[in-house]
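The values are calculated or read from the model by the stated rules, or taken from the named source; none is laboratory data. In this text, all values refer to a predicted model and were calculated from it rather than measured experimentally. Here the Cβ positions follow ideal geometry from the backbone for every residue, glycine too, while neighbour counts run over all protein chains shown. To get the accessible areas, we keep the full protein, side chains included, count just its heavy atoms, and leave off ligands, DNA and RNA. Shrake-Rupley method; radii C 1.70, N 1.55, O 1.52, S 1.80 Å.
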Amino acid sequence: MQPDRRTAALVTPVAGFLLGFLDFVWIKWVPYPFAELGNSTATWAIAAFVLGYWIRSGWLRAALGAVALLVVAVPSYYVAAALLQGDSLAAVWAPTSLVWMLFGVLAGTVFGIGGAWARATGWRGILGTALPAAALFEEAARFVGKVEDPHYPSGAEWNIAIDAALGVLAVVLIGRSNRRRALALVAALPLALVIFVGFTLAGGF
């Protein structure tokens, strides 16, 4: 069932708080390599996609809801770190937190709209279906660069396999037909490249 505006407005901040808080819990207690799914930009982007898919009606509502989800999740993550690990609560309003909120606005807009588009027909439906896989494939590509990195824990190959498998699974679950799934998988590759370039440029600032 499609949620009404009041339901979406109530669920979104709660979901954002849970995303940030439980993400820290996942990172802290789930063993490697699965812990990396918590320390993952793709996971947060897909959470924004899922909310947009759930809201489903109107790209603007989906985008605003997904942005709110990610913006709330950032301070929630640092609150969890303060409560469960004794980190300073000042991290909630530190410049790093504000930067991540800014990225949340960007990712929430793109993936929230993508979630709404995944229910559409035509090229919008294909792009929407492809977005979660693109985020996971891009993250897998970044793990490729860590395989030979002596400063990174061994076993990055597992992260590559996990992200790639989850990307394919996402397309299978979201796609409504074999044709759409095939087209979405093809579209996911250039989309992943765009995301990869975006991260590279952001890392240069």
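Note on the range 80-139 and the range 168-198: Cα centroid distance 17 Å, given to the nearest whole angstrom. Starting from the Cα gyration tensor of the range 1-97, take the square roots of the eigenvalues, sort them a ≥ b ≥ c, and report rounded, prolate or oblate (rounded when a/c is under 1.5, otherwise prolate if a/b is larger than b/c, else oblate). It is prolate, given that a/c is not under 1.5 and a/b is the larger ratio. When you restrict to C-alpha pairs under 8 Å that are six or more residues apart and normalise by the size of the range 106-161, the relative contact order lands at 22 percent. Considering only alpha-carbon pairs that sit under 8 angstrom and 6 or more positions apart, the relative contact order computed for the range 85-205 is 27 percent.
Sorting Phe137, Phe103 on solvent-accessible area from highest to lowest, probe radius 1.4 Å, gives Phe103, Phe137.
Per-residue extension of 0.36 nm, minus the Cα-Cα distance of Val25 and Ala165, leaves a gain of 48.0 nm for this segment.
Taking a ≥ b ≥ c as the square roots of the eigenvalues of the alpha carbon gyration tensor, the range 86-189 is oblate, as a/c is not under 1.5 and a/b does not beat b/c. Calculated accessible area for the chain comes out at 54 Å² per residue, all protein chains present (probe 1.4 Å; ligands, DNA, RNA ignored). Modelled label positions at Tyr152 and Ser88, each set 7 Å beyond Cα in the direction of Cβ, lie 2.9 nm from each other. Placing +1 on the Cβ of every Lys and Arg and -1 on the Cβ of every Asp and Glu, with nothing else charged, gives the chain a dipole about its Cα centre of roughly 1020 debye. Between the labelled values (1) 16.9, 51; (2) 17.4, 54; (3) 19.5, 62, the entry that holds Rg and Dmax of the Cα atoms in Å as derived from this structure is (1).
Structural descriptor for the chain: relative contact order 21 percent, calculated from alpha carbon pairs under 8 angstrom and at least 6 residues apart. These residues, Leu18, Leu64, Leu136, Leu37, go from largest to smallest accessible area, 1.4 Å probe, as Leu64, Leu18, Leu37, Leu136. Quick one, could you list the DSSP H helices from the chain stretching 30 Å or more along their long axis (Cα atoms) with average Kyte-Doolittle hydropathy of 1.0 or above? Qualifying helices, which must be both long enough and hydrophobic enough, are 59-85, 95-117, 178-203. For the options Tyr53, Tyr152, Tyr78, a Gaussian network treatment of the chain with springs between C-alpha atoms closer than 10 Å singles out Tyr152 as fluctuating the most.
If you run the Gaussian network model on the chain, springs between alpha carbon atoms under 10 Å, then out of Glu139, Glu36, Glu148 the most flexible one is Glu148. Under the shape rule built on the C-alpha gyration tensor, where the axes satisfy a ≥ b ≥ c, the range 64-139 is prolate, since a/c reaches at least 1.5 and a/b is greater than b/c. A 1.4 Å probe over all protein chains sorts Val74, Val105, Val186 by accessible area into Val186, Val105, Val74, starting with the largest. The GNM of the chain, with springs linking C-alpha atoms under 10 angstrom apart, assigns the highest mean-square fluctuation among Ile126, Ile162, Ile113 to Ile162.
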